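Novice: Okay, handing you the structure first.
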Amino acid sequence: MTLKIYTLTGELLYRDTWEAQSGDDQKREWKTTNQNQQVIGRGIYIYVLQAEKEDGNVLQAIKRMVVTDD
């Protein structure tokens, strides 16, 4: 599986890839940092989650998320 997080202008901030485990609920935590480990500001971001099925087809979800102050 692959998770990518982008700014609204299309800049890739974060990418994580891992092997999916069938039947398990999987969680991923993003510490709101970019690829250089710099904390990003609050705002609206786009995330893309991709998973490859056993038959080779790729499932993809594209969603928006809001980052706020704690």
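The values are calculated or read from the model by the stated rules, or taken from the named source; none is laboratory data. The structure presented is a predicted model; accordingly, all values stated were derived computationally and were not measured. Glycine gets a Cβ as well: all are built from the backbone with ideal geometry, and neighbour counts include every protein chain shown. Each accessible area value is taken on the protein alone, full model and side chains, heavy atoms only, with ligands, DNA and RNA left out. Shrake-Rupley method; radii C 1.70, N 1.55, O 1.52, S 1.80 Å.
Novice: Normalising by the residue count of the chain, find the relative contact order in percent from Cα pairs under 8 Å and 6+ residues apart. Walk me through the numbers before you get to the answer.
Specialist: Working: 109 pairs, mean separation 22.0, N = 70.
Computed over the chain, the figure is 31 percent.
Novice: With +1 on each Lys and Arg Cβ and -1 on each Asp and Glu Cβ, and nothing else charged, work out how big the dipole of region 12-70 is about its Cα centre, in Debye to the nearest 20.
Specialist: Details: 8 positive and 10 negative charges, 75 e Å.
Dipole of region 12-70, to the nearest 20 debye: 360 debye.
Novice: Please count, across the chain, the pairs of lysine residues with Cα atoms under 17 Å apart that sit 8 or more places apart or on different chains.
Specialist: On the way: Lys4/Lys27; Lys4/Lys31; Lys4/Lys63; Lys27/Lys63.
So the count of such lysine pairs works out to 4.
Novice: Per residue, how much accessible area does the chain have with a 1.4 Å probe, in Å²?
Specialist: Numbers: 5690 Å² over 70 residues.
Accessible area per residue: 81 Å².
Novice: Extent of the chain along each principal axis, from alpha carbon coordinates, in Å, largest to smallest?
Specialist: Reported extents, whole Å, longest axis first: 39, 23, 20.
Novice: Carbon and sulfur: what percent of the chain's accessible surface (1.4 Å probe)?
Specialist: Values: 2500 of 5690 Å².
The value for the chain is 44 percent carbon and sulfur by accessible area.
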